[in-house]
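> This is the structure, below, for whatever I ask next.
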Amino acid sequence: REQVNRLKNIHRIHAWGSDIPEPIRTFEDLGSHGIHELVIRNITKMGYESPTPIQMQAIPLLAQRRELLACAPTGSGKTAAFLVPVLSHLKGPEKRGFRAVIVAPTRELAGQIYREALNLAEGLRLKIHIIEKISKAMKKFGPKTAGKYDLLVTTPNRLVYLLKQEPPVLSLANVEWLIVDESDKLFEAGQRGFRDQLAVIYNACGDSSKARRALFSATFAFEVQEWCKLNLDNLAMVSIGARNA
Ligand code: ADP
Ligand code: MG
């Protein structure tokens, strides 16, 4: 217990919620959290030697399928903090359609997440898709191809547009993970708009008890925190750095 507190102090890991698991110390610890062996190997192949503080605490939480609000500074490895547990959970292709969706505020950010996902998923044979052009997506998705993909990376605008077509151009009925990256920016830019978009996306995620949500951001925005307290189930919150909440 004392050792765990020391580890958290050193890395300035603050966590709130019930049953917060111990942070991992090394990527080798991930095996005991059920993280896929290939994903652990890919982390090493990418040259990541030790987990960053947000990775230390967020990965064990998401590995337990906890709903999460995570805040850590820009450049502190938030992408891998959600991709490692999500890719590991997806395991391999299942041809049941999208099982995880990652929403990011801009195409550039979505592109970065997509590329990191390809690297971390090497060898898993997962089908990972990024929505770039609406027109291309409209042609690409349909009854024949809908089941082909496992993971979707997109901006909220594009996804909501496709979901609002009659009939919807893609199905999120089998989604088990909904990750919102840079959630502070999305809430701020979209104002009321993004809350509605998030609701459209979450409501499309079939039987809602199955889909788990995690929001990541660089700042501990009050608005986002309040939204999470209100909407997320058995919420865990993690913040890295100065205690400011
Ligand atoms: P954030 O989303 O928090 O701004 P990123 O996920 O974009 O940060 O990561 C920033 C950089 O750090 C990227 O180049 C990424 O490849 C690298 N990185 C992530 N995790 C690690 C790690 N554990 N060790 C070394 N580099 C890492
Ligand atoms: Mg990021």
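> Working from Cα positions, state the angle (0 to 90°, nearest 10) between the long axis of helix 78-90 and the longest principal axis of the chain.
Roughly 70 degrees between the two axes.
> Describe numerically, in nm with one decimal, the distance between label points set 7 Å from Cα along Cα→Cβ at Thr44 and at Thr74.
Placing both labels 7 Å along Cα→Cβ, they lie 3.4 nm apart.
> Also, quick follow-up: If you put +1 on each Lys and Arg Cβ and -1 on each Asp and Glu Cβ, how big is the dipole of the chain around its Cα centre, in Debye rounded to 20?
680
> Then there's this: Pulled fully out, how much extra length does the chain show between Asp233 and Ser18, if you take 0.36 nm times their separation in residues and subtract their Cα-Cα distance?
In short, 76.3 nm is gained.
> Turning to a different aspect of this structure: If you rank Trp227, Trp177, Trp16 by fewest surrounding Cβ atoms within 10 Å, what's the result?
Result, fewest neighbours first: Trp16, Trp227, Trp177.
> Here is a follow-up. So in the chain, what percent of DSSP beta bridges are antiparallel if you round to the nearest 5?
Within the chain, antiparallel bridges account for around 15 percent of the total.
> Using the Cα atoms of region 66-136, I'd like the radius of gyration and the largest Cα-Cα distance, Dmax, both in angstrom.
Rg, Dmax (Cα atoms, Å): 12.8, 36.
> Once a ≥ b ≥ c are taken as the square roots of the eigenvalues of the Cα gyration tensor of region 80-176, is the result rounded (a/c under 1.5), prolate (a/b larger than b/c) or oblate (a/b not larger than b/c)?
Oblate, since a/c reaches 1.5 and b/c is not below a/b.
> Starting from the Cα-Cα distance between Arg25 and Gln3, subtract it from 0.36 nm times their residue separation and give me the gain in nm to one decimal.
Stretched fully, the Arg25-Gln3 segment lengthens by 6.8 nm.
> As an exercise, use a Förster radius of 41 Å and the Cβ-Cβ distance of Asn119 and Arg195 to find the FRET efficiency, rounded to the nearest 0.05.
With a Förster radius of 41 Å, E is 0.80.
> Taking the Cα atoms of the chain alone, what are Rg (to one decimal) and Dmax (as a whole number) in Å?
17.2, 57
> If you line up the long axis of helix 53-63 against the longest principal axis of the chain, both from Cα atoms, how many degrees apart are they, to the nearest 10?
Tilt relative to the chain: about 60 degrees.
> Still on this structure, please answer the following. GNM, the chain, Cα, under 10 Å: largest mean-square fluctuation among Glu166, Glu22, Glu94?
Result: Glu166 has the largest fluctuation of those listed.
> Can you tell me the 0 to 90 degree angle between the C-alpha axis of helix 192-204 and the longest principal axis of the chain, rounded to 10?
Helix 192-204 sits at roughly 80 degrees to that axis.
> Right, something else. Just how far, in whole angstrom, is region 195-215 from region 1-65 if you go by their alpha carbon centroids?
Here the two parts' Cα centres lie 26 Å apart.
> Continuing with this model, one more query. Under a crude label model (7 Å from the Cα following the beta-carbon direction), how far is Tyr161 from Gln64 in nanometres?
Using points 7 Å along Cα→Cβ, the separation is 4.1 nm.
Every read-out reported here was derived from the displayed coordinates using simple, explicitly stated rules and does not represent laboratory data. What you see is a predicted model, and the numbers here were worked out from it, not measured in a lab. Please note: Cβ atoms are built from the backbone with ideal geometry, for glycine as well, and neighbour counts cover all protein chains shown.
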